[in-house]
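Below is one structure, written out as structure tokens; the observations come after it.
The values are calculated or read from the model by the stated rules, or taken from the named source; none is laboratory data. The shown structure was predicted, so the numbers you read here are calculated from the model rather than taken from an experiment. As a convention, Cβ positions derive from the backbone with ideal geometry for all residues, glycine included, and neighbour counts pool all protein chains shown. We work out accessible area using only protein heavy atoms, side chains counted, and drop any ligands, DNA or RNA first. Shrake-Rupley method; radii C 1.70, N 1.55, O 1.52, S 1.80 Å.
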Amino acid sequence: KSNGTVVVSPDILNLDPSEWSDIVAISAGERYFIGLKSNGTLVSYGHDAGDGQRRVDGWENITAIATGWRHTVGLDKDRKVHITGYGSKSQLNQISSDADNWVDIIAVAAGGGSNTNPGKGHTVALRADGKVFAVGDNEYGQCEVSDWEDVIAITAGDWHTVGLCKDGTVLSTRPPEKFSD
């Protein structure tokens, strides 16, 4: 709500209203959700599956959040990407090995499959200059974004990544075996 409170389904009975106040953004992952407070800290609720996707207590100065299949991504005020959960160690290693490209990030997205069709998760970042970078599972080409330019918005699905260019063009890593026109 505009007053920073969160309205949830009646079957979520254990949500602590004192923790879930002053919320400016929210993102839902697989059976869990993350809230971003106006002070840049995060709160979480739901299933953790032992993968650590809710381990966000120490994150500070966060400006944007995204949740995917069993992983959470945050962007801090210094434009640094944070990842926790399934595959996060591998994704952080990939980001570290390509550190020169993962600077001046202005938006993040998180994707991945489900228990029945796991995409294992991928993380996408939009740099201020309109370039897009992705790490994580690439089984369906969802991380094939290295030639994208002039992008102003990104999102990630189970098996694909989508970008919106400043001229209105939509780019997608759209795997044909998973989609139909």
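Structure values in brief
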item: Top-ranked residue of region 10-37 - restricted to ones that are open to solvent by 70 Å² or more (accessible area, probe 1.4 Å), touching a strand residue (DSSP E or B) at 6+ places or on another chain (Cβ under 7 Å) and part of a loop (DSSP other than H, G, I, E, B), ranked as nearest to residue 156 (Cα to Cα); result: 31
item: Residues that are crowded, with 17+ Cβ neighbours inside 10 Å and of a type in the set (D, E, K, R), drawn from region 38-58; result: 51, 54
item: Pairs where the first residue, in region 127-151, is at pLDDT 95 or above and the second is open to solvent by 40 Å² or more (accessible area, probe 1.4 Å), C-beta under 6 Å, 6+ apart; result: 127/104; 128/104; 128/106; 130/149; 130/150; 133/101; 148/171; 150/166
item: Region 54-86, residues that are over 18 Å from residue 19 (Cα atoms) and not in a strand (DSSP E or B); result: 69, 70, 77, 78, 79, 80, 86
item: Test: residue in region 97-107 that is open to solvent by 20 Å² or more (accessible area, probe 1.4 Å), at pLDDT 90 or above and within 13 Å of the chain's Cα centre (by Cα); result: yes
